[in-house]
Amino acid sequence: QVKLVESGGGLVQPGGSLRLSCAASGSIFSINAMGWYRQAPGKQRELVARITSDGRTEVLDSVKGRVTISRDNDKITVYLQMNSLNAEDTAVYYCNQDVRSSRDGAPDNYWGQGTQVTVSS
């Protein structure tokens with residue numbers, strides 16, 4: 001079993017910054033893609049950013065230039081640096097990882113519990 005633990009959410013003023021972290025633990029052989037999703041009240045969950053095992057990234061158009069995703073494979077952690085935050089960024093942010101628990105096994109997809117980001121003055 002694999003557990004994802006997120007941290008770094010909170011209340012921030014418009015224009016401020018936050019850095020989210022998501023650490024994986026448990027039965028891990030390797031991790032393929034790591035990503036961050038968000039879900040605002042009354043809206044569908046959407047992909048914010050994603051990073052593959054070889055470092056390729058995909059970022060939601062509406063946050064490009066303000067958001068950077070990175071990963072530390074030694075720490076089995078994915079980060080989301082968010083700058084110039086605005087009210088539209090308010091949401092619960094979820095970590096998502098494709099984890100392979102053995103060399104020959106297929107990857108399983110895991111979700112974190114979510115961390116609230118609120119942008120408000």
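The values are calculated or read from the model by the stated rules, or taken from the named source; none is laboratory data. All values reported here derive from a predicted model rather than from experimental measurement. Using ideal geometry, Cβ is built from the backbone for each residue, glycine included, and neighbour counts are taken over all protein chains shown. With ligands, DNA and RNA removed, areas are computed over all heavy atoms of the protein, side chains included. Shrake-Rupley method; radii C 1.70, N 1.55, O 1.52, S 1.80 Å.
Shown in residue order for region 106-121 are the 3J(HN,Hα) couplings computed by the Karplus curve 6.51 cos²θ - 1.76 cosθ + 1.60 at θ = phi - 60°: 7, x, 10, 9, 10, 10, x, 7, x, 9, 7, 10, 10, 10, 7, 8 Hz (x for Gly and Pro).
Counting only lysines at least 8 places from Lys64 when in the same chain, those with an alpha carbon closer than 23 Å to its own are Lys43. Largest GNM mean-square fluctuation among Lys64, Lys43, Lys75, using the chain with Cα springs under 10 Å: Lys43. For Lys75, the lysines whose Cα falls under 20 Å of its own Cα, not counting residues fewer than eight places away in the same chain, are Lys3.
Across the accessible surface of region 1-68, with the other protein chains kept in place and a 1.4 Å probe, carbon and sulfur atoms take up 46 percent. Surface analysis of the chain yields an accessible area of 54 Å² per residue, using protein heavy atoms and a 1.4 Å probe. Note on Leu11/Ser102: beta-carbon distance plugged into 1/(1 + (r/R0)^6) with R0 of 25 Å gives a FRET efficiency of 0.05.
Counting Lys and Arg as +1 and Asp and Glu as -1 over every other residue whose Cβ lies under 13 Å from the Cβ of Asn109, the net charge comes to 0.
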